[in-house]
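Written below as C-alpha cells is the structure these notes are about.
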Amino acid sequence: MHIGIIGAGVVGVASAYFLARAGHRVTLIDAEPEPGKGASAGNAAQLSWAYGDAMASPALLKHLPGILTNRDPAFRVRLRLDPDFLLWGLRFLANTPSWRWWSNTKDILKLADESRREMALLLAEVDIAFDYRVAGKLHLYPDTASLSAARPIVERKKRLGLDQRMLSRSEAEAVEPALKAYQGEIAGAVYTPDDALGDAAAFCRQLTAAMVKKYGVSPCFGRRVAGFEQPGGRLLAVRFADCDPLPVDAAVVTAGPLIRTLAAALPEARGIQPVAGYSLTVPWREGAPRVSLTDVKRKLAFAAIGERFRVAGLADIEKAGSGFTSDRFAMLRGAANAVLPGCFGQAEWEWRWSGERPMTPSSRPLIVRSQKIHGVYINAGHGMLGWTLALGSAGRIASLVA
Ligand SMILES: Cc1cc2nc3c(=O)[nH]c(=O)nc-3n(C[C@H](O)[C@H](O)[C@H](O)COP(=O)(O)OP(=O)(O)OC[C@H]3O[C@@H](n4cnc5c(N)ncnc54)[C@H](O)[C@@H]3O)c2cc1C
C-alpha cells in the first residue's frame, strides 16, 4: 500500500517509521524544506513518561478567572467570537472535573508508556543522534499547599507503576546541585528519575534520513498539501498547492496545529486549537542544571540538551499565528533569569523560538479514521506532550491503518 504522510513533525516522522517498518511504501510530505520545523522544532525537549497530566483540570479551573483577565503572566488569552473556539472552550470546561481530568490523564499516561517502550526499541534498531538522555526531572513546588496538593497525584501514579518521589528542598538539591543557587521558592519537589529528554527536531531529521536509507521512504519536502482527490468520498490522491497530485492508497494527516488549514476536508480538525509557546536556547554553561526542571509556579521548563540549555514556557490562546511578539520573549527571559541568574540574555548566542501546541479540549490526541474520506487517517492534537506521545501514537495509527 502507498501511504502519504502529511506533516513531518515528530508525530509524522514517527508514523512514517512505523508504517514503513510494517512494509508499506511511504511518502513523507511537508510544506517546509526539511522535517521538524513546526511545533516540534524548539520545544522543551522533555520526554515526560510519567507526567502526562491533562491541561483541563480542577486546579486550572480555580485559576481561570485570573487567566481569562490576563493576570497570570504565563498565559495570554484573547477571547473571540469564533464558533470553533467557543465550542472548544466549552468542551475544555467540560473536561475540568476531577474524574474527567484523571480519566484523561490515565489515558495519556498509558500512551506515554507505549511511547517509552517504543523509544527503547527504536534506539536499539536505528543509530540516530538527537542528544537523547535519561536526565530525570524535578517538578519544583513553591509552597507547602501546592506540594501537599501534588502528593495524592503522586500516590495515584505510583499505583499505576510509575516511579515518582516526593523530595524536600535539600533532597532535591542532592539530585541537582545547581538548585542551591536557584532563586525561586522551593518548598519541595516531585522527582521522576526515569524521565528523558532529546532534541525533537534532530530526531525528525535523523530518523527521516535513516528511513530513507533503510526502508526507501520518499521525502517530499517544500510541498504544501491543499486537499484530497476523493471522488465518492474515497481517497485517490493527495492534492498540492503548486504541483501535480500524488496518487496514494491511504493518507495519514499529521499536520500538527496547521491541520486546521485542512478543516474543509477534515471537520475533526476544528476540535484542535493552537496554544502558542516560546523557548530560548543558549549554550549550556558550567553550573547550570543537567536534570530537567519544571518550575510549577512560573510554568517554566528547563532542559540541558547536549551542550545547549533551553527554557520553554508560556501558553497563549489566540488566533493561529498571532502570538509571536518580542514582549513574550522578554517575559520568558526575565522569568528564567529571575530564578537562574545569568543563564539567559548574556550568552554569545541565543535562539528565540515560538511554536503552537495543537491542543484538544481533553489533551488526548486524535488518532482516528476520517469520518468523511475513506482512506484518510488523522494523528494530531498532541498538545503539550507531542514529543512524549509521538511513538506510542505512531504505533496506534499503524494498527488502525493495518
Ligand atoms: C513551547 C513548547 C514546549 C513544548 N515542550 C514539550 C515537551 O517538553 N515535551 C513534549 O512532549 N511536548 C512538548 N511540546 C509539544 C510538542 O512540541 C508538540 O505537541 C509536537 O511538536 C506536535 O508535533 P506534530 O508532529 O503534531 O506537529 P508539528 O511538529 O507542527 O508538525 C506538523 C508538520 O506538518 C506540516 N504541515 C502542516 N500542514 C501542512 C500541509 N497542508 N502541507 C504540508 N505540510 C504541512 C508542518 O510544516 C509541520 O512540519 C511543546 C510545545 C511548545 C510550543
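The values are calculated or read from the model by the stated rules, or taken from the named source; none is laboratory data. Predicted model only: the values in this text are computed from it and were never measured. In this analysis, Cβ positions are derived from the backbone assuming ideal geometry, glycine residues included, and neighbour counts consider all displayed protein chains. Heads up: the accessible areas ignore ligands, DNA and RNA and are worked out on the full protein's heavy atoms, side chains in. Shrake-Rupley method; radii C 1.70, N 1.55, O 1.52, S 1.80 Å.
Brief remarks follow.
- Residue in the range 295-311 that is touching a Gly at 6+ places or on another chain (Cβ under 8 Å) and small (Gly, Ala, Ser) present: yes
- Count of the range 14-33 residues which are assigned to a loop (DSSP other than H, G, I, E, B) and either among the aliphatic types (A, V, I, L, M) or within 9 Å of the ligand (Cβ to nearest atom) (or both): 3
- Listing of strands (runs of 3 or more DSSP E) fully contained in the range 170-242 that carry 3 or more residues being touching a Pro at 6+ places or on another chain (Cβ under 7 Å): 237-240
- Leading residue by the ranking (least open to solvent (accessible area, probe 1.4 Å)) among those in the range 54-82 that are part of a helix (DSSP H, G or I) and out of contact with any helix residue (DSSP H, G or I) (no Cβ under 8 Å at 6 or more places or on another chain): Gly66
- Any hit, the range 83-106, residues being modelled with pLDDT under 85 and either assigned to a helix (DSSP H, G or I) or of a type outside the set (A, V, I, L, M) (or both): no
- Taken over the range 322-336, the criterion of being surrounded by fewer than 17 Cβ atoms within 10 Å (Cβ to Cβ) and away from the ligand (no atom under 12 Å from the Cβ) is satisfied by Ser322, Thr325, Ser326, Asp327, Ala330, Gly334.
- Of all residues in the range 287-295, at least one satisfies being of a type in the set (A, V, I, L, M, F, W, C), modelled with pLDDT of 95 or more and closer than 19 Å to Ser48 by Cβ.
- Just one of (1) modelled with pLDDT under 95; (2) closer than 23 Å to Val10 by Cα fails for Arg310. It is (1).
- Filtered residue count, the range 140-195, keeping only those that are in contact with a strand residue (DSSP E or B) (Cβ under 8 Å, 6 or more places away or on another chain), surrounded by 14 or more Cβ atoms within 10 Å (Cβ to Cβ) and among the small types (Gly, Ala, Ser): 6
- Of all residues in the range 269-291, those that are crowded, with 21+ Cβ neighbours inside 10 Å and either hydroxyl-bearing (Ser, Thr, Tyr) or not in a strand (DSSP E or B) (or both) total 7.
- Arg260 open to solvent by 70 Å² or more (accessible area, probe 1.4 Å) and out of contact with any Phe, Trp or Tyr (no Cβ under 6 Å at 6 or more places or on another chain): no
- A count restricted to the range 168-201 and to residues that are closer than 30 Å to Gly12 by Cβ and acidic (Asp, Glu) stands at 3.
- Pro245 being free of Cβ contacts under 8 Å to residues at least 24 places away in the same chain, surrounded by fewer than 19 Cβ atoms within 10 Å (Cβ to Cβ), over 30 Å from Met55 (Cα atoms) and not hydrophobic (A, V, I, L, M, F, W, C): yes
- In the range 248-257, residue nearest to the ligand (Cβ to nearest atom) [restricted to those that are of a type in the set (A, V, I, L, M) and either open to solvent by less than 20 Å² (accessible area, probe 1.4 Å) or more than 17 Å from Ala39 (Cβ to Cβ) (or both)]: Val253
- Boolean, Lys297 is in contact with a Lys or Arg (Cβ under 7 Å, 6 or more places away or on another chain), more than 14 Å from the ligand (Cβ to nearest atom) and either part of a loop (DSSP other than H, G, I, E, B) or of a type in the set (D, E, K, R) (or both): no
- If you check Ala189, Ala210 for being closer than 30 Å to Ile3 by Cβ, in contact (Cβ under 8 Å) with a residue 24 or more places away in the chain and among the aliphatic types (A, V, I, L, M), only one passes: Ala210.
- Taking the range 224-239 as the range and being open to solvent by 20 Å² or more (accessible area, probe 1.4 Å) and either within 12 Å of the ligand (Cβ to nearest atom) or free of Cβ contacts under 8 Å to residues at least 60 places away in the same chain (or both) as the test, the residues that pass are Arg224, Ala226, Glu229, Pro231, Gly232, Leu236, Arg239.
- Test: residue in the range 261-268 that is part of a loop (DSSP other than H, G, I, E, B) and closer than 28 Å to Asp327 by Cα: no
- Lys299 vs. criteria more than 26 Å from Asp53 (Cβ to Cβ) and charged (D, E, K, R): no
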